[in-house]
């Protein structure tokens, strides 16, 4: 229900914008007049856009001072502006991007900042001390999940320096074209997740035995620094559920528990130490996006990221789909042409990937994004980058 005692409000991101988003909980009704004198012609849901001026057919709809669409028909001031009224801009050509053109004075470094972390055998530093159980295939998820619950209940209380036990589940590993050129991407992703610094180099794998993604393919010899120090045979720690020794569900679970306890003992012996902020690596991701994400959370995370970088830390953000429609913003900010070229190379791969799958950028946004006021991937991208 609309709060009649609260003044109608909209949020404009840039003086050059010709749309704004309605801030009031529950949205606003037709006839509502904003303090600026703008009157709504129709109900506009919370987070959705209202036209601040008349926009002619074919005219640019601008938010973040960036074109997020073109009006399919004329739009009167005070109207609700949504995806059905807009033509999405074409993706920027990768050969016509600004390269390292936006030069800003570097911010002064923040000296002397440290954190208490766990130093790993490969030199990385984690902020937590977690046992992660990697899976080669989705078929082992049920057994592994059951085992993890028992580990938490029966073993973890005995190892107070270990923060948690998690199963790294996924839907990959079998029934896939494991030798396809793009298969390197999910395999590399699963491998690198297993090597997250918060897992302490203690890689434990649960395998079914008959899957396409065999443990040796997921973790080739030499992948994990700690293995070479632990055993001369360089063998990965694998529990294979199809081993002859397993005579049923519970024997599989018991094998997982036995192996897990060996890792828990080593993890429990670790202690935090003071390390410089430059050892910190933080990953950020925009999820559950709506029109407010680019107003509230994302700018706040961006500001915090700047502080971390000034202290020497590294910050990474994901979502290639959003980077693609904001690539011109990023290549312009690149510190060197080489950095811009690396980003363009990744975007070219993504374009080719979409083309092979006969899909386009309209696959993003999601229904939830649209319900939250986002009209298309361009607007979503600007909210995560600008």
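The values are calculated or read from the model by the stated rules, or taken from the named source; none is laboratory data. It should be emphasised that the depicted structure is a prediction, and the values quoted were computed from it without experimental measurement. Every residue, glycine as well, gets a Cβ built from its backbone with ideal geometry; the counts of neighbours run over all protein chains shown.
Looking at 314, 375, just one residue is in contact with a strand residue (DSSP E or B) (Cβ under 7 Å, 6 or more places away or on another chain), in the same structural domain as residue 295 (by TED's automatic domain parsing), within 22 Å of residue 88 (Cβ to Cβ) and surrounded by 13 or more Cβ atoms within 10 Å (Cβ to Cβ), and that residue is 375.
Taking the stated definitions as given, is residue 68 within 19 Å of residue 292 (Cβ to Cβ), touching a helix residue (DSSP H, G or I) at 6+ places or on another chain (Cβ under 7 Å) and part of a strand (DSSP E or B)? Working first, answer last.
Details: within 19 Å of residue 292 (Cβ to Cβ): yes; touching a helix residue (DSSP H, G or I) at 6+ places or on another chain (Cβ under 7 Å): yes; part of a strand (DSSP E or B): yes.
Answer is yes for this residue.
Grab the strands (runs of 3 or more DSSP E) fully contained in the stretch 249-361, keeping just those with 2 or more residues being within 24 Å of residue 166 (Cβ to Cβ) and under 24 Å from the mean Cα position of the chain (by Cα). Step through it out loud before you land on a result.
Values: elements: 273-276, 281-284, 314-317.
Once the strands (runs of 3 or more DSSP E) in the stretch 249-361 are filtered for at least 2 residues that are within 24 Å of residue 166 (Cβ to Cβ) and under 24 Å from the mean Cα position of the chain (by Cα), what remains is 281-284, 314-317.
With 104, 62 as the choices, which residue is farther than 21 Å from residue 321 by Cβ and assigned to a strand (DSSP E or B)? On inspection, the qualifying residue turns out to be 62.
Looking across 78, 26, one residue alone is surrounded by fewer than 19 Cβ atoms within 10 Å (Cβ to Cβ) and either over 30 Å from the mean Cα position of the chain (by Cα) or assigned to a loop (DSSP other than H, G, I, E, B) (or both). It is 26.
Considered as a group, the residues in the stretch 111-127 that are at pLDDT 95 or above and loosely packed, with under 15 Cβ neighbours inside 10 Å include one that is farthest from residue 256 (Cα to Cα), and that residue is 111.
Scan the stretch 133-164 for residues that are within 23 Å of residue 275 (Cα to Cα) and touching a strand residue (DSSP E or B) at 6+ places or on another chain (Cβ under 8 Å) and the total you get is 3.
Just one of the listed residues (340, 291, 348, 352) is in the same structural domain as residue 370 (by TED's automatic domain parsing) and closer than 30 Å to residue 109 by Cβ, and it is 340. Look at the stretch 51-63: where a residue is outside the structural domain of residue 375 (by TED's automatic domain parsing) and under 19 Å from residue 378 (Cα atoms), no partner that is at pLDDT below 95 and assigned to a loop (DSSP other than H, G, I, E, B) sits 6+ places away or on another chain with Cβ atoms under 7 Å. Of all the residues in the stretch 359-372, those that are farther than 16 Å from residue 285 by Cβ and either in contact with a strand residue (DSSP E or B) (Cβ under 7 Å, 6 or more places away or on another chain) or at pLDDT 85 or above (or both) number 4. Residue 50 meets the conditions (1) assigned to a loop (DSSP other than H, G, I, E, B); (2) at negative phi; (3) more than 26 Å from the chain's Cα centre (by Cα); (4) crowded, with 18+ Cβ neighbours inside 10 Å in every case but one. The failed one is (1). Put simply, of 181, 106 the only residue that is surrounded by fewer than 16 Cβ atoms within 10 Å (Cβ to Cβ), closer than 30 Å to residue 379 by Cα and without any contact (Cβ under 8 Å) to a residue 12 or more places away in the chain is 106. Could you check the stretch 65-75 and list, in sequence order, the residues that are surrounded by fewer than 18 Cβ atoms within 10 Å (Cβ to Cβ) and either in the same structural domain as residue 161 (by TED's automatic domain parsing) or in contact (Cβ under 8 Å) with a residue 40 or more places away in the chain (or both)? Selection gives 65, 67. Among the residues of the stretch 232-256, which ones are in contact with a helix residue (DSSP H, G or I) (Cβ under 6 Å, 6 or more places away or on another chain) and farther than 24 Å from residue 121 by Cα? If the condition is that a residue be in contact with a helix residue (DSSP H, G or I) (Cβ under 6 Å, 6 or more places away or on another chain) and farther than 24 Å from residue 121 by Cα, then 241, 246, 252, 253 are the ones that fit.
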